[in-house]
1. Need the C-alpha centroid separation for region 105-148 versus region 205-244, integer Å.
2. For region 81-98, what does the Karplus curve 6.51 cos²θ - 1.76 cosθ + 1.60, with θ = phi - 60°, yield as ³J(HN,Hα) per residue in whole Hz, taken in order and with x for Gly and Pro?
3. Whole percent per 20 Å bin, from 0 to the bin with the longest distance: what is P(r) over all C-alpha pairs of the chain?
4. How much length is gained on full extension from ASP291 to ASP214, taking 0.36 nm per residue of separation minus their Cα-Cα distance?
5. Would you kindly derive the ³J(HN,Hα) couplings of region 68-76 from the backbone phi angles with the Karplus curve 6.51 cos²θ - 1.76 cosθ + 1.60 (θ = phi - 60°), listing them in order in whole Hz, with x for Gly and Pro?
6. Given charges of +1 on the Cβ of Lys and Arg and -1 on the Cβ of Asp and Glu, with all other atoms neutral, how large is the dipole of region 28-186 about its Cα centre, in debye to the nearest 20?
7. Pop out the ³J(HN,Hα) list for region 113-119 in order, Karplus 6.51 cos²θ - 1.76 cosθ + 1.60 with θ = phi - 60°, rounded to Hz; leave Gly and Pro as x.
8. Run the numbers for VAL306 and GLU43: contour at 0.36 nm per residue of separation, minus the present Cα-Cα distance, in nm.
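The values are calculated or read from the model by the stated rules, or taken from the named source; none is laboratory data. As the structure is a computational prediction, the values presented were derived from the model and not from experiment. When we count neighbours, we look across all protein chains shown, and the Cβ atoms used for this are built from the backbone with ideal geometry, even at glycine. These accessible areas exclude ligands, DNA and RNA; they are computed on the full protein's heavy atoms, side chains included. Shrake-Rupley method; radii C 1.70, N 1.55, O 1.52, S 1.80 Å.
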Amino acid sequence: MTEAARAAAAAGYADLPLDTDGVPHGQPVLDRLTALLDLERIEENIFRGVSPAESPVRVFGGQVAGQALVAAGRTVPPERRVHSLHSYFIRGGDPTVPIVYEVDRIRDGRSFTTRRVVAVQHGKAIFALSASFQLDEPGMDHFEPMPSVPPPDSLPTYAESAAGYLEKVGMARLPRPIDIRYVTEPPWRAREDGPGEARSQVWMRADGKLPDDDMLHVCVLAYASDMTLLDSVLVRHGVYWGTDKVLGASLDHAMWFHRRFRADEWFLYDCESPSASGARGLATGRFYAQDGRLVATVVQEGLLRVLP
């Protein structure tokens, strides 16, 4: 691993700035995420990444997706920008050991480049990603308008929204490199009113300043895209992680990147769920820049088991 990644993985959080609920946040936490996305190249098409010292029981899905996309991008000329990815979460990742990313250079065409990445731990695949990159080209341009929502600065912080629920709310105690502001009622509060509309809207941004690296901004957005997406399924049924007996995991994840953006500027994540069945829930999300441009679209299916 790189020296920066090694330091980020090993470092504790005792000296970092704390949010109002005592959870680390801000630029130092974002810097550690950036370091974790700086994979070590151990062969021409093989990279190694690590997880932070404080992690959930399984490697966070957004982390492995972001690192796999970094691995793919490092085998592609910088003038070719990623426009889509399709991925499967195969096994739960072990946050205590490194993850090896093996890149297969599927195709290098005149306009498009295709890469396949397999993430491996303990000799087994835990995640697989295919990504396509394209040279910039002129063409038709349109997008669905952004929903009308309150501005992010007018909304409570995540810490304020989770007050009184902190011990029960998902990843609430983990360091926060992403600033999240709920537009819709947070799902841990919404469940008190029973089943509701299958929709979740949050403002997000990297909680600090990122370098001027387009690929890094895309990878940070991929990291953030696995957060809050399945809320749209859970609120439809009036349940939530920790407060109810719900077991869940991401199964597959697809993203399309439409326009350039900065992940350290506010973007609206507008999510809804068209269906849930067979202990699986489908969620779709749209990322809008604060100026109203649609910058990315996400689709994910998650395993969701409600225990008796």
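1. Using only Cα atoms, the two centres lie 19 Å from each other.
2. 9, 5, 10, 7, 9, 9, 8, 10, 8, 9, 9, x, x, 9, x, 8, 10, x
3. Computed distribution, short to long bins: 34, 61, 6.
4. This chain segment gains 25.9 nm when fully extended.
5. Couplings: 5, 5, 4, 4, 4, x, 6, 10, 10 Hz.
6. 540 debye
7. Listing the rounded values in order: 10, 10, 10, 10, 10, 10, 9 Hz.
8. Gain in length upon complete extension: 90.3 nm.
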